[in-house]
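Each reported figure results from applying straightforward, stated rules to the coordinates on display, with no laboratory input. All values reported here derive from a predicted model rather than from experimental measurement. Note that each Cβ is placed from the backbone with ideal geometry, even for glycine, and that neighbours are counted across all protein chains shown.
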Amino acid sequence: MDRFKNDQRKIKNFKNTLVLSRVKKIAGVDEVGRGCLAGPVFAAAVILSDKIDIKNIKDSKKISFKKRILLSEYIKKNSVYAVGSASVKEINKINILNASLLSMRRALNKLKCKPSMIYIDGIFAPSNLTIKYKTIIKGDEKISCIAAASIVAKVARDLFMIKLAKKYPYYRWNKNFGYGTVDHINGLKKYGVTRHHRKKFKPIHNILINRARETQ
């Protein structure tokens, strides 16, 4: 019985947070592509409209590719949003964590409507934010505006990698989006590293070291 009451209380608190995020111009922020071996990292910032239907908005990882695209278009038409990214060159230079935070900052800076509060997925936030913010572990599973940001960012990055895959078909980025799948690793072993690969990531770094040894 106590467990049921606790679950009901959590649901009520979650619903209250969803309503609050739309009334007070709270921006949700999330990044995607942090664990990829290739391609930039993307982030989105989203302020949901009070008219938007949130019932299907959830963590982008739990939504199919086709449904994500539809939801992303719906969110963008009914929200204030912006997308930011950090390049592979920047990832290699300042590391993936700082590049992820940089992409978040760029998304926030591009928002046409400034929020009164920012909810950020995870435990880290961009430095020197002038707007009040809160970091939330697994925020994309708990807060609708963060979930919406995860969807918009995910779709933006997926479409970028699909376009890039047309120039580099051997790595199957149109299917794996730069993650270290078997097809991607096989492509790396056979065709080598491209300028779009993150050279300081261990699998890429090891391939480069092995190639260097072979030429000695």
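Some observations on this one:
- Subset of segment 102-122 (residues that are aliphatic (A, V, I, L, M) and part of a strand (DSSP E or B)): Met117, Ile118, Ile120
- Ile57 being of a type in the set (A, V, I, L, M, F, W, C) and either touching a Lys or Arg at 6+ places or on another chain (Cβ under 7 Å) or part of a loop (DSSP other than H, G, I, E, B) (or both): yes
- In the set Gly180, Gly187, only one residue is touching a Pro at 6+ places or on another chain (Cβ under 7 Å) and either assigned to a helix (DSSP H, G or I) or of a type outside the set (A, V, I, L, M) (or both); that residue is Gly180.
- Enumeration of residues in segment 31-75 that are surrounded by fewer than 19 Cβ atoms within 10 Å (Cβ to Cβ) and either closer than 21 Å to Asn95 by Cβ or of a type in the set (Asp, Glu) (or both): Arg34, Gly35, Asp50, Asp53, Asp59, Glu73
- Criterion applied to Ala99, Ala125 was being over 12 Å from Ile26 (Cβ atoms) and assigned to a helix (DSSP H, G or I), and the one residue passing it is Ala99.
- Contacts under 7 angstrom Cβ, first residue in segment 76-102 being in contact (Cβ under 8 Å) with a residue 40 or more places away in the chain and crowded, with 17+ Cβ neighbours inside 10 Å, partner part of a helix (DSSP H, G or I) and among the acidic types (Asp, Glu), 6 or more apart: Ala99/Glu90
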